[in-house]
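Asks: Below are the structure tokens for one structure; questions will follow.
The values are calculated or read from the model by the stated rules, or taken from the named source; none is laboratory data. The structure displayed is predicted, hence computed values, not measured ones. Using ideal geometry, Cβ is built from the backbone for each residue, glycine included, and neighbour counts are taken over all protein chains shown.
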């Protein structure tokens with residue numbers, strides 16, 4: 001199997017989620033992912049750190065993609081559905097999505113890269129061209145806001161479902177809620 005296919009299989013879903021964290025709609029994130037892998041397929045040799053290269057390339061293409069005026073209007077209309085929701089999502093997942101969506105883009109971006117991409121603060125700093133301390137601050141403040149938001153959501157849910165057992169956490173947000 002060639003390195004581009006292995007990279008796609010390992011990172012495609014994470015990159016689409018990252019695109020959503022950067023403010024793209026689902027279809028826009030897929031378009032950017034396709035553009036990235038078309039470029040990667042044209043490369044003659046594998047970059048030194050292919051995963052880092054792919055995330056960096058995806059971010060640059062996503063930011064360029066967002067600059068279009070018509071795309072911005074569509075993105076704003078789609079912002080109410082930041083994650084594709086399915087009927088099987090638990091109330092906790094829905095609350096986590098709402099809370100994550102409320103964060104400033106810089107904090108949301110760091111949280112997605114830290115939790116779902118499993119990058120260190122140093123690696124995220126390299127990707128975003130900022131210091132690891134700035135990244136750590138964005139993480140800390142973002143997680144504080146998420147905790148506060150989710151605690152408020154849980155209190156509200158507790159009033160509505162006082163004696164019901166909590167449904168299990170879905171796969172998308174289990175990494176997030178386990179860190180809160």
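Asks: Tell me the residue from 29, 13, 51, 21 that is buried (at least 18 other Cβ atoms within 10 Å of the Cβ), at pLDDT 90 or above and not assigned by TED's automatic domain parsing to the domain that holds residue 109, please. I'd like the intermediate steps shown before the answer.
Replies: Details: 13 fails: buried (at least 18 other Cβ atoms within 10 Å of the Cβ); 51 fails: buried (at least 18 other Cβ atoms within 10 Å of the Cβ); 21 fails: at pLDDT 90 or above.
Result of the check over 29, 13, 51, 21: 29.
Asks: Another question, then. Mind listing whichever residues of segment 92-106 are free of Cβ contacts under 8 Å to residues at least 60 places away in the same chain and closer than 15 Å to residue 59 by Cα? Full working, then the answer.
Replies: Here is the first cut: in segment 92-106, the ones free of Cβ contacts under 8 Å to residues at least 60 places away in the same chain are 94, 98-99, 101-104, 106.
Correct list: 106 only.
Asks: Let me ask something else. For residue 1, work out the one condition from (1) in a helix (DSSP H, G or I); (2) at pLDDT below 90; (3) more than 23 Å from residue 114 (Cβ to Cβ) it doesn't fulfil.
Replies: Only one criterion in (1) in a helix (DSSP H, G or I); (2) at pLDDT below 90; (3) more than 23 Å from residue 114 (Cβ to Cβ) is unmet by residue 1, namely (1).
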